[in-house]
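What follows is one structure encoded as structure tokens, with my remarks underneath.
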Amino acid sequence: MAAMTLLETKGLTKVYGGLSANEDVDFVLPAGQVHALIGPNGAGKSTFVGMVSGRIPATAGEVWFDGQDITHVPAHKRMKMGMAYTFQITAIYARLSLFENIALALGSRDNRAAKAALERVGLADRADQIAGDLSYGHQRLLEIAMGVAQAPRLLILDEPTQGLAESEIEGFNTLIRSLAGETTILLIEHNMNVVMALAEEITVLDNGRFLARGTPDDIRNNKQVQDAYLGSG
Amino acid sequence: MDFGPHLMLATLEGAVGAAVLALTALGLSLVFGVMRVVNVAHGEFYMLGAVVAWFVSTAIGTHPALGFVGALIVAPLVAAGIAIAADRLVLKRVDYDPEATIVATIGILYIMQQAALMGFGPEARPVTEPFNSRIMLPLLDWSKGLPSFYYPTGWGAPSITSYKLFVIAAATAILISFWLILSRTKVGLIMRATQLDKETAQAFGIPVNRVYSLVFGLGAGLAALAAVLIVPIQQAHYLMGGDPLLLSFIVVIIGGLGSIRGTVVAALLIGLSDGIISVFFSPTLAKILATLLVAMVLVFRPQGLYGKKPA
Amino acid sequence: MSIDRRSIALHVGLITVLFVGCFALNDYHQGNVARILVLATYAIGYNVMFGYTGLLSLGHAMFFAAGLYGLGMAMHYGGLPAIPAFVVGLICAAVLSALVAVLALRTIGVAFMIVTLMFAQSVFLAILYFGDWTRGDEGFVIAQSTRQVLGLDLTDPVTRYLAALALFSAALLITARMMHVRFGRVLIAVRENEERTRMLGYDVFRHKFLAVVISGTISGAAGAGYGLLFGYVGATFASVQYSIFPLLWVLLGGAGTTIGPLVGTIFMFYLIDYSSALTNAYMLIAGVVLVLLTLFARAGIMGEIRKRWAPWLP
């Protein structure tokens, strides 16, 4: 059963002042999959999702979403087409209430929908609090809740568990599993336990290039990947 | 009289303006470069310099040169003192937030301007030059087929006062010594380090707060110094800070925010062209065009002529 | 919802109090408040950009002047009646603000402030340059006989007060409504975190552009209203000082609150009014207030009230 392709990149390249952050990355993401993007620091993961989401203009190559070439579509329109993006460094509206944060993500002030979105990350009872007053872990959960509230077809999470406590990571895993049936998820993650627990497939980037792709077991046993992480050149 | 003497005179007058402008703008540029804030009250420190020069030269009534030397020392110190106080009492407390700093320095602008109105009065007051002699300018003559100099005489003959030449020389000397301080001394090194990366500088034990106070004082002192030089030509007035502020803005923007070399080059460019343009065109029209030009530079080339493009 | 009702009660209540004020105040204060209402309309316009969208302009006087001169020239030279001339003023301000928006919004932060300052300065200088028509600093007077709307004489103190109140109320209710619907919420979102807002799928440029145009047009309406009600058109209104005033009023009253602009304008107006009896250096007060505000009450009067006692304040 060949799944429909939701996202595809062809030869995606980003050059910063002569240095390639991404070089010729071909990538296919089937609809409905939870896919993890991993790689050592500086492998170009954030640059890659930056180009996918439209935050960073590509130097060369194409991005296709849902059968359309979106290489030159501005970021906000890509979001309207069904993407959602959570930032590596928490980006919420710190001076607004949780409800207001969610309402902006929803695009409506529907009380019930907002409550439901907060419910998913266990913050429903804090709807009237100011987001900046939350603990760091809760702020990250709020941002994920905002991504979920957008009801995206593709949810891009850039290191969502960074800075979360063990107990909160457990909650995060549960949340992603519950979403797995509803949406496609592209996850950048450093925490291998999370990756192994959630990802159906994994793509490894190294030095801005594609290195390997496969199931968690494949990747775990891949010699090249081990070398890349051990830093042998 | 033909075109040549006109142009030469305009160029020399422009050079006087450019020299003073370079000093003033350097102060603004330094503050922006190191502290990343815009001091809207910069023009008022210039005005303060001129006003203090008047007070000093009036107090030391014996000989204009004595008063002038006194003003050269006292005015920058007074301006720097007030600037350092403003830095400690206001800017530091708003944590050098760029927008809050602009609003606060607008407030300081009005306070200084109105204080000058109360203490100095609404009149424009002249300050006598420390020395003054008229120097006739030679013209190049090609009429005999070979170039030769001649000194025209009579009404309209091009001439400049020795004091104006002194202003050009003095400003150049100050700029060069300033550049030497920045590039060759430890103080300069500390300032450049703070400019590059405040956090790292702090981690290496550089007292960033004191550097900021020093830079803010230095910036104001430069403006005051520029005013002391120009005030024998231009008269002191409590509203005189507006034009140098605007021109300094223009210079700093064209030169590239925070780039010292760009600031000096742009000051020469603008100062000279301002002098030249206003001889041939209506000064208002020249100002409109210059202002619009600068706005467009900011819109389409925000890094200026020498500044680096932000990553 | 109760928050909505409180907000409606606040705005309607305020307008009612001001209406009663027309008849309760003595001549001197009636004249002052009429002027304050027009200037507060200007501040409301400024607040749309600065308070709600987070765009600090140092050149709003050009929009005020566009409305003022648009109306003034249309009446003085074009012989247009008051209402069409008012519309001309609005169009001038809208066109100018759209132009400024397209250019200035390419920059951010400090550069944005300086670009707006430069544009305003060019407009001010242009008014002086074309002094043959604008009468420059001296300005010109709009003939008393032409300042009539629907048979009402706008030079009559009571009519003038009520006309000023109508202008102010329109601006107040438009902004209050705007900040209640999604468009206004997105403006606040842009102010709070531009990148997040873009990545939630909102067209940030379009929202900022509209904010500048709405802000400029309301400011222009205030300028046109000023010319119509007080009959004087002069270059002072385009000077830097008149760009700083709305910033001062809004900061003092509370940026990003609907009634803050009025509160700030009243305070500042009377502060300067009383102090100018003591000294000719009355701008000293403005300077001191600006510094104190940045040091101790960045949220302004209504902002502090909202923070401490009334989080529902719109």
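The values are calculated or read from the model by the stated rules, or taken from the named source; none is laboratory data. Since we're looking at a predicted model, the values are computed, not measured. Every residue, glycine as well, gets a Cβ built from its backbone with ideal geometry; the counts of neighbours run over all protein chains shown. Heads up: the accessible areas ignore ligands, DNA and RNA and are worked out on the full protein's heavy atoms, side chains in. Shrake-Rupley method; radii C 1.70, N 1.55, O 1.52, S 1.80 Å.
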What size of dipole, in debye to the nearest 20, comes out for the protein assembly as shown about its Cα centre when the only charges are +1 on Lys and Arg C-beta atoms and -1 on Asp and Glu C-beta atoms?
-> 540
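If the only charges are +1 at each Lys and Arg Cβ and -1 at each Asp and Glu Cβ, what is the size of the charge dipole of chain C around the Cα centre, to the nearest 20 debye? Don't jump to the answer; show the numbers that get you there.
On the way: 19 positive and 13 negative charges, 213 e Å.
Here chain C has a charge dipole of around 1020 debye.
Among the listed pairs B:287/C:208; A:80/C:208; A:45/A:77; A:45/A:223; A:10/A:77, which are separated by more than 24 Å between their Cα atoms? Please list the in-between numbers first.
Values: B:287/C:208 30 Å; A:80/C:208 19 Å; A:45/A:77 22 Å; A:45/A:223 20 Å; A:10/A:77 20 Å.
Cα-Cα > 24 Å for B:287/C:208; rest within.
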Hydrodynamic radius by Kirkwood, which averages 1/r over all alpha carbon pairs of the protein assembly as shown, in angstrom = 30.5
Backbone HN-Hα couplings from phi across the stretch C:301-308 [Karplus 6.51/-1.76/1.60, Hz, Gly and Pro as x] | 4, 5, x, 5, 4, 4, 5, 8
Chain A, Rg to Rh (Cα coordinates; Rh as Kirkwood inverse mean 1/r) = 0.97
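Provide the net charge surrounding residue C:50, with neighbours chosen by a C-beta distance below 13 Å and charges set as Lys +1, Arg +1, Asp -1, Glu -1. Can you show the working numbers first?
On the way: positive: C:191, C:208, C:298; negative: B:99.
Net charge in that neighbourhood comes out at +2.
I need the semi-axes of the equivalent ellipsoid of chain B: take the C-alpha gyration tensor, multiply each eigenvalue by 5, square-root it, list largest first in whole angstrom. Before the final figure, lay out each step's value.
Details: eigenvalues 238, 114, 68 Å².
The equivalent ellipsoid of chain B has semi-axes of 34, 24, 18 Å.
Over all residues in C:111-120, what is the mean tally of Cβ atoms on other chains that come within 10 Å of each residue's Cβ? Working shown, then result.
Numbers: counts 7, 2, 6, 11, 8, 1, 6, 14, 5, 2.
Mean partner-chain Cβ count within 10 Å for C:111-120: 6.
Take the Cα radius of gyration of the stretch C:8-88 and divide it by 2.2 N^0.38 Å, with N its residue count; two decimals is plenty.
On the way: Rg = 16.0 Å, N = 81, 2.2 N^0.38 = 11.7 Å.
So the Cα radius of gyration is 1.37 times the expected 2.2 N^0.38 Å.
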Of C:60, A:190, which has the most accessible area with a 1.4 Å probe, and how do the rest follow in descending order?
-> A:190, C:60
In the stretch A:40-59, what residues drop by 20 Å² or more in accessible surface going from the chain by itself to the full protein assembly, probe 1.4 Å?
-> A:55
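How many Å³ per residue does the convex hull of the Cα positions in the stretch C:201-260 occupy? The partial results should precede the final answer.
Numbers: hull volume 6.6 nm³, N = 60.
Convex hull of Cα atoms, per residue: 111 Å³.
Accessible area per residue, 1.4 Å probe, Å², for the stretch A:1-98: what's the number? Walk me through the numbers before you get to the answer.
Working: 4160 Å² over 98 residues.
It amounts to 42 Å² per residue over the stretch A:1-98.
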Determine the share of the stretch B:37-139's accessible area contributed by carbon and sulfur atoms, expressed in whole percent, with a 1.4 angstrom probe.
-> 68
Kindly write out, for the stretch C:161-169 in residue order, the coupling ³J(HN,Hα) from the Karplus curve 6.51 cos²θ - 1.76 cosθ + 1.60 (θ = phi - 60°), rounded to whole Hz, with x marking Gly and Pro.
-> 4, 5, 5, 4, 5, 4, 4, 4, 4
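Quantify how strongly other chains surround peptide C:204-212 by giving the mean number of their Cβ atoms within 10 Å of each of its Cβ atoms. Each step should come with its number before you reach the end.
On the way: counts 3, 2, 1, 0, 0, 0, 0, 0, 0.
Taking the mean over all residues of the peptide, I get 1.
Can you give me the convex hull volume of the Cα atoms of the stretch B:52-103, divided per residue and expressed in Å³? Intermediate results must be reported in sequence, preceding the final value.
Working: hull volume 3.9 nm³, N = 52.
In the stretch B:52-103, the Cα hull volume divided by residue count equals 74 Å³.
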So in the protein assembly as shown, what percent of DSSP beta bridges are antiparallel if you round to the nearest 5?
-> 65
Listed residue (A:161, A:92, C:102) projecting farthest to the positive dipole end of the protein assembly as shown, Cβ model = C:102
Estimated [θ] at 222 nm from DSSP helical runs (n ≥ 4, -39500 (n - 2.57)) normalised by residues in chain B, nearest 500 = -24000 deg cm²/dmol
Just the Cα atoms of the stretch C:79-130, one point each, no solvent: what log10 I(q)/I(0) does Debye give at q = 0.20, 0.22, 0.28 Å⁻¹?
-> -0.80, -0.88, -1.03
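Other chains' Cβ within 10 Å of B:284-295 residues: what's the mean? Intermediate values should be presented prior to the final figure.
On the way: counts 7, 3, 1, 7, 8, 2, 4, 10, 6, 2, 5, 15.
For peptide B:284-295, the averaged partner shielding equals 6.
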In square angstrom to the nearest 100, the accessible surface buried at the C/A interface, both sides summed with a 1.4 Å probe, amounts to 1800
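Calculate how large, on average over all directions, the projected area of the Cα convex hull of the stretch C:121-189 is; give the answer in nm² to one decimal. Let's see the in-between values first.
Working: hull surface 32.0 nm².
Result: a mean projected hull area of 8.0 nm².
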What total accessible surface area, summed over both chains, is buried at the interface between chains B and C, computed with a 1.4 Å probe and given in Å² to the nearest 100?
-> 3400
When only Cα pairs under 8 Å and 6 or more residues apart are kept, what is the percent relative contact order across the stretch C:8-243?
-> 42
If packing is taken as the mean number of other Cβ atoms within 10 Å per residue, what is the order of B:72-85, C:301-314, C:44-57, highest first?
-> C:44-57, B:72-85, C:301-314
When the Kirkwood radius is taken over all Cα pairs of the stretch A:106-196, what Stokes-Einstein diffusion coefficient follows at 20 °C and 1.002 mPa s, in µm²/s?
-> 157
In the neighbourhood of residue B:283 defined by beta carbon distances under 14 Å, the net charge of the other residues (Lys, Arg +1; Asp, Glu -1) is -2
Picking from C:295, C:128, C:262, which is most flexible by a Gaussian network model of chain C using Cα springs under 10 Å?
-> C:295
For chain C, dividing by residue count, accessible area per residue (probe 1.4 Å) in Å² works out to 38
One would report the Cα pair-distance distribution of the stretch B:1-98, bin width 5 Å, in %, as 2, 11, 15, 17, 15, 13, 10, 8, 4, 2, 1, 0
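For chain C, which whole percent of the accessible surface, found with a 1.4 angstrom probe, sits on carbon and sulfur atoms? Display every interim value, and only then the final one.
Details: 8100 of 11920 Å².
For chain C, the apolar C and S fraction of the accessible surface comes to 68 percent.
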Return one whole number: the accessible area per residue of chain B in Å², for a 1.4 Å probe.
-> 46
Evaluate the distance, in nm, between pseudo-label points positioned 7 Å from the Cα of residue B:189 and of residue C:156 along their respective Cα→Cβ axes.
-> 8.1
Determine, at each q value in 0.22, 0.24 (inverse angstroms), the log₁₀ of I(q)/I(0) that the Debye formula gives when each Cα of the stretch A:92-148 is one equal point scatterer.
-> -0.69, -0.83
Shape descriptors of the stretch C:8-243 over alpha-carbon atoms, Rg and Dmax in angstrom, are 18.0, 56
